[in-house]
1. Of all residues in region 92-112, count the ones that are closer than 22 Å to ALA60 by Cβ, part of a loop (DSSP other than H, G, I, E, B), at pLDDT below 65 and open to solvent by less than 90 Å² (accessible area, probe 1.4 Å).
2. Here is a list of conditions, (1) in contact (Cβ under 8 Å) with a residue 12 or more places away in the chain; (2) closer than 19 Å to HIS97 by Cα, and MET54 meets all of them except one; can you say which number that is?
3. Select, from GLY7, GLY12, the only residue that is modelled with pLDDT under 55, assigned to a helix (DSSP H, G or I) and either under 22 Å from HIS82 (Cβ atoms) or open to solvent by 60 Å² or more (accessible area, probe 1.4 Å) (or both).
4. Kindly provide the set of residues from region 64-91 that are under 9 Å from LEU29 (Cα atoms) and crowded, with 19+ Cβ neighbours inside 10 Å, ordered by number.
5. In the list LEU29, LEU38, LEU61, which residue meets the criterion of being in a helix (DSSP H, G or I), under 12 Å from the mean Cα position of the chain (by Cα) and either at pLDDT 95 or above or surrounded by 15 or more Cβ atoms within 10 Å (Cβ to Cβ) (or both)?
6. Run down THR124, THR43 and say which single residue is of a type outside the set (D, E, K, R), over 16 Å from LEU29 (Cα atoms), modelled with pLDDT of 75 or more and not in a helix (DSSP H, G or I).
7. Cβ-Cβ distance below 7 Å, separation of 6 or more or different chains: which pairs start in region 18-45 with a residue that is of a type outside the set (D, E, K, R) and end on one that is in a loop (DSSP other than H, G, I, E, B) and open to solvent by less than 30 Å² (accessible area, probe 1.4 Å)?
Amino acid sequence: KRKSDAGGGGGGHRQVSPDAAPVVYVRDLPVGTSDANLRELFTPFGAVKKVLLMKQRGAALVQMNSASAASAIVTYFTTNPHLAAVLGQPVHVAHSHTPIYTKEHDGDGGYEPAPNKVLLAIVTNVTYPVTLDT
């Protein structure tokens, strides 16, 4: 239903550049937002390939299956900002010009993360000396 509204009549629908990233930037996300919440909001426009939640920033990058799907999302929610909501809270949706990259190429034009065997520990307010055995 939303997909047909976004492209209806072509009014205000901009041409997508061939090198545009198929990624949507979402900000002002409420605490508790999940990958599933964003997939539910954007799936009517096409397949969601990846969701990168940045919980500490209250933002996310959502990679769609095509740049035209990402553009349709931005056009629709710019035209209908009252419908851009996650968990009942209004969010801001914009087109991102940067694709979501992780470390290893998956052979299908996308990237998949490599296994990570590094543990990062941050110690603050150290009272006693700390040593690490390697």
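The values are calculated or read from the model by the stated rules, or taken from the named source; none is laboratory data. Only a predicted model underlies this, so the values are computations on that prediction, with no experimental measurement involved. Backbone-built Cβ (ideal geometry, glycine too); neighbour counts: all protein chains shown. Accessible surface is based on the protein model in full, side chains and every heavy atom, while ligands, DNA and RNA are left aside. Shrake-Rupley method; radii C 1.70, N 1.55, O 1.52, S 1.80 Å.
1. Summing the residues that are closer than 22 Å to ALA60 by Cβ, part of a loop (DSSP other than H, G, I, E, B), at pLDDT below 65 and open to solvent by less than 90 Å² (accessible area, probe 1.4 Å) in region 92-112 gives 4.
2. Condition not satisfied by MET54: (1).
3. Values: GLY12 fails: assigned to a helix (DSSP H, G or I).
After ruling out the rest, the residue left standing is GLY7.
4. First, the residues of region 64-91 that are under 9 Å from LEU29 (Cα atoms): 85-87, 89-91.
Listed by number, the residues that qualify are VAL86, VAL91.
5. Working: LEU29 fails: in a helix (DSSP H, G or I); LEU61 fails: in a helix (DSSP H, G or I).
Going through LEU29, LEU38, LEU61 in turn, just one is in a helix (DSSP H, G or I), under 12 Å from the mean Cα position of the chain (by Cα) and either at pLDDT 95 or above or surrounded by 15 or more Cβ atoms within 10 Å (Cβ to Cβ) (or both): LEU38.
6. Working: THR43 fails: not in a helix (DSSP H, G or I).
After applying the criteria, what remains is THR124.
7. Final answer for the pair search is VAL23/ILE100; VAL26/VAL91; LEU29/GLY58; LEU29/VAL91.
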